[in-house]
Amino acid sequence: MSDFILQTQCLSKAFKGFTAVSDVNLQVRRGSIHALIGPNGAGKTTCFNLLTKFLEPSAGTILFNGIDITREKPAQIARRGVIRSFQISAVFPHLTVLENVRVGLQRKPGMTYQFWRSSKSLNALDAQAMELLDHVGLSDFAQTVTVNLPYGRKRALEIATTLAMEPELMLLDEPSQGMGHEDVDRVTQLIKKVSAGRTILMVEHNMSIVSSIADRITVLQRGAILAEGAYEQISTDPRVMEAYMGTTDTALQGAH
């Protein structure tokens, strides 16, 4: 099996003449945390939407575990183990924290989204749901109605529901969006913790997260790959610093 779990070849997307993603050749190494960064308008979210098939590519190929998934639907890709979280917390606000994770666990064979099952029949999933909540530091919030959770805890819950679907590749879209420093630190440690045994590809604007946990970084500018490498390499690359409107490493580290 290839060292790379996800690869793109000449991936491109044009909207009525405007090229949002241009000839992107991405290689995500199995078992790594790979960050996709770039200034506003660089094409990061469009690239994510292409990888998860919320958008159809104009050209190019997407390979997951060596299999061409370019023409597959989002649900097919999710069943393969490519699971995405979104910039805006995607949880059920009026279910409890435990119930949200239990919905993710229902993806398992024989139980897939059978919402008409009696609640008693789903109680068998409670122990596993509690394990996941403990894993992300939410066991004390199990019976809390999700709408009442602090924002940072909602993002932790979203990661728990993503884990419930047993992803081989987790795609995290701006996991620190809208968070204060304390929540950012908590989520950074959480991402590092849950990366054990799986691969994470994340779009992230917060350079403190990227510098502390990303094994490899791909920098996009105007839809194309500008630079790629470890943080130490890209943070001193003059092209990257110029793209972030700065002239020093400090400017890049503070970029949002």
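The values are calculated or read from the model by the stated rules, or taken from the named source; none is laboratory data. Keep in mind that this is a model prediction, so the values were computed, not measured. Counting neighbours? That spans all protein chains shown, and the Cβs are built from the backbone with ideal geometry, glycine included.
Just so you know, in region 192-211 the residues that are in a helix (DSSP H, G or I) and either in contact with a helix residue (DSSP H, G or I) (Cβ under 6 Å, 6 or more places away or on another chain) or among the hydrophobic types (A, V, I, L, M, F, W, C) (or both) include one that is surrounded by the most Cβ atoms within 10 Å (Cβ to Cβ), and it is Val210. Among the candidates Arg84, Arg29, the residue that is within 22 Å of Ala214 (Cβ to Cβ), in contact with a strand residue (DSSP E or B) (Cβ under 7 Å, 6 or more places away or on another chain) and surrounded by fewer than 19 Cβ atoms within 10 Å (Cβ to Cβ) is uniquely Arg29. No other residue among Thr247, Thr188 is of a type in the set (Val, Ile, Thr) and at pLDDT below 90 apart from Thr247. A single entry from Leu172, Leu138, Leu149, Leu163 fulfils the requirement of being among the hydrophobic types (A, V, I, L, M, F, W, C) and either surrounded by fewer than 15 Cβ atoms within 10 Å (Cβ to Cβ) or touching an Asp or Glu at 6+ places or on another chain (Cβ under 9 Å) (or both): Leu172. In region 177-198, the residues that are under 26 Å from Asp3 (Cβ atoms) and free of Cβ contacts under 8 Å to residues at least 40 places away in the same chain reach residues that are polar (S, T, N, Q) and not in a helix (DSSP H, G or I) with C-beta atoms within less than 9 angstrom, at least six apart or across chains, in these pairs: Thr188/Ser176; Thr188/Asn206. With respect to (1) of a type in the set (Gly, Ala, Ser); (2) surrounded by fewer than 15 Cβ atoms within 10 Å (Cβ to Cβ); (3) in contact (Cβ under 8 Å) with a residue 40 or more places away in the chain, the lone exception for Gly17 is condition (3).
The set of residues in region 212-221 that are part of a loop (DSSP other than H, G, I, E, B) and surrounded by fewer than 23 Cβ atoms within 10 Å (Cβ to Cβ) contains only Asp215. Quick check: anything in region 101-122 farther than 28 Å from Val28 by Cβ, in a strand (DSSP E or B) and either among the aromatic types (Phe, Trp, Tyr) or at pLDDT 65 or above (or both)? Checked region 101-122: no residue is farther than 28 Å from Val28 by Cβ, in a strand (DSSP E or B) and either among the aromatic types (Phe, Trp, Tyr) or at pLDDT 65 or above (or both). Restricting attention to region 14-28, the residues being hydroxyl-bearing (Ser, Thr, Tyr) and touching a Ser or Thr at 6+ places or on another chain (Cβ under 6 Å) number 1.
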